[in-house]
1. Output the qualifying pairs, or none if there are none: Cβ atoms under 7 angstrom, residues six or more apart or on different chains, first residue in segment 279-299 and of a type in the set (Asp, Glu), second residue open to solvent by 70 Å² or more (accessible area, probe 1.4 Å) and modelled with pLDDT of 95 or more.
2. Select from segment 173-189 the residues that are surrounded by fewer than 24 Cβ atoms within 10 Å (Cβ to Cβ) and either in contact with a Lys or Arg (Cβ under 6 Å, 6 or more places away or on another chain) or outside any strand (DSSP E or B) (or both) and list them in ascending order.
3. Tell me, please, whether a residue that is over 24 Å from Leu17 (Cβ atoms), without any contact (Cβ under 8 Å) to a residue 40 or more places away in the chain, surrounded by fewer than 20 Cβ atoms within 10 Å (Cβ to Cβ) and β-branched (Val, Ile, Thr) can be found in segment 90-106.
4. So which helices (runs of 4 or more DSSP H) are wholly in segment 1-107 and hold at least 2 residues that are of a type in the set (Lys, Arg) and on the phi < 0 side of the Ramachandran plot?
5. Looking at Glu81, Glu132, Glu65, which is the one that is open to solvent by 20 Å² or more (accessible area, probe 1.4 Å) and within 17 Å of Ala379 (Cα to Cα)?
6. Can you pull out every residue in segment 408-430 that is among the polar types (S, T, N, Q) and under 24 Å from Ala167 (Cα atoms)?
7. Those residues that are in contact with a helix residue (DSSP H, G or I) (Cβ under 8 Å, 6 or more places away or on another chain), at pLDDT 95 or above and of a type outside the set (Ser, Thr, Tyr), I need them from segment 225-254; list them, please.
8. What number of residues within segment 22-35 are more than 17 Å from the chain's Cα centre (by Cα) and open to solvent by 30 Å² or more (accessible area, probe 1.4 Å)?
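The values are calculated or read from the model by the stated rules, or taken from the named source; none is laboratory data. Note that the structure is predicted; figures quoted are calculated from it, not measured. No Cβ is skipped: glycine too gets one built from the backbone with ideal geometry, and neighbour counts run over all protein chains shown. Each accessible area value is taken on the protein alone, full model and side chains, heavy atoms only, with ligands, DNA and RNA left out. Shrake-Rupley method; radii C 1.70, N 1.55, O 1.52, S 1.80 Å.
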Amino acid sequence: MDNKYDVLIAGSGVAGLYAAIQFDKSHKVLVLSKQAETISSSSLAQGGVAAVLEHEDDSFDLHIEDTLIAGGYKNDLPAVELLIREGPDDVRKIIEMGVDFDKDDNNDLLKTLEGGHSRRRIVHHKDSTGREMVEKLLIKAKEHPAVELVENAVICTVSRVRSGFRAEVLLNGEIKVVYASFCILATGGIGRVYSYTTNPATATGDGIRFAYEMGAKIKNLSLVQFHPTAFNSPDSREQFLISEAIRGEGAYLLNNNKERFMDRYDERLELAPRDVVSRSIILESRRTGSNNFYLDIRYKGRDFLYKRFPLISAACLERGVDIAEDLIPVFPCQHYLMGGVDVDLDSRTTLPRLYAAGECAHTGVHGGNRLASNSLLEALVFGRRAALDIKKCLDAGFARVEAEPYEPDPSGAPLPKGIRTAIRETMQRAYFVMPNPAAIVEGRKRVDNILKRLQNEKFALTADYCEAKSLATVASIILAEAEAAL
């Protein structure tokens, strides 16, 4: 790893990788992965990519309308239109790159249905679509002469300097200093701010903290999506997701009495949008006095289920549940962030040369609630647009960053134990599915005190400290927005 690049990309999910491969061989691009290059929220995405690839029974207008309905019409319409109209070409491009979406016997793409969609338009690779996309994009990135990928590189700070940015990166126990003329934040979500999440351990909101500390606008961070059907396993912080596609293929949602109940809350039943189903489960749990809920898709038969959902069926078996014979225990869990670093249609933040794409960015396409399988599409479209806009700047002769004399100081006291746990417990009580007003007010005070301590006291520059600071920053912003809305 050198100390100067044209572009620094923080994150190796779909948004970061797809952005990286847009650059020319004359450019110098560094992609940093916090852990292994395959560990990201993108890699865990099961359902698929929503895109109107054929217009016989579907249309851009229908997909736009479905997105707006799911988002409660709080979406940014120009961003939605751009996503839906440009996205199919990006899907075709990754197919040309080798991404293997499922096909029928006639070699036509299979399309599934998920909650909130009025048409079958979601292409998928079994139930591990994100992993397939990441693996194929990694191949392309490693072949690209302009791209350098570095794993297990924890970005501690990103600061603005003349004509670019300076990042402090913890690599192999040492702090490395990297300069870049442009920066794309593609760090994923904030799931680890909660006690239970479907997100990987890397999802601590780092990119949002970097942008916030530099003064970029953060928008709608309190728009957190809770997936209604995570595998109900309270002994694990990272919850295994039971894909929306399970309900799309006909699974019934049952309460503790093994009865369907969604007709009490929404006429769309199990195929209502995620926020509706999550709230319905919480309301039903209050009505019945039980947190025991299940998905039932046994009637589809073993052959179909194990072929269509090999990852889910295997993971459930590891947990003692055979989806062809047993009910699948589920409960809502933190899953996705609709807000983030505010960007325009070219993924530009409010700061010059700083871009954001993927889940850490607020593009406005999701509104109040993300429509299922729009996220991978968003990562493709806005990752590409970020790269193309930076290419224009580089080709236009924008000044390049210069490395400056700088000595990082990683010394300090060890981080006290329990800080991250306190943040997670606070968020779980205050802002889970249905906000708790009293806990929001008290929780904000608690989180703000933690953040001030992390900012003002001298702690050693470790991965644990950096992530704790990110989590405290994210929690503080979320609860401040939530309190303002009370």
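1. Asp296/Tyr252
2. Gly173, Tyr179, Ser181
3. No, that holds for no residue.
4. Values: elements: 14-20, 41-44, 60-70, 77-96.
Once the helices (runs of 4 or more DSSP H) in segment 1-107 are filtered for at least 2 residues that are of a type in the set (Lys, Arg) and on the phi < 0 side of the Ramachandran plot, what remains is 77-96.
5. On the way: Glu132 fails: open to solvent by 20 Å² or more (accessible area, probe 1.4 Å); Glu65 fails: within 17 Å of Ala379 (Cα to Cα).
Answer to the selection: Glu81.
6. Kept after step one, since they are among the polar types (S, T, N, Q), are these residues of segment 408-430: 411, 421, 426, 428.
Ser411, the sole residue that qualifies.
7. If the condition is that a residue be in contact with a helix residue (DSSP H, G or I) (Cβ under 8 Å, 6 or more places away or on another chain), at pLDDT 95 or above and of a type outside the set (Ser, Thr, Tyr), then Ala251, Leu253 are the ones that fit.
8. 5
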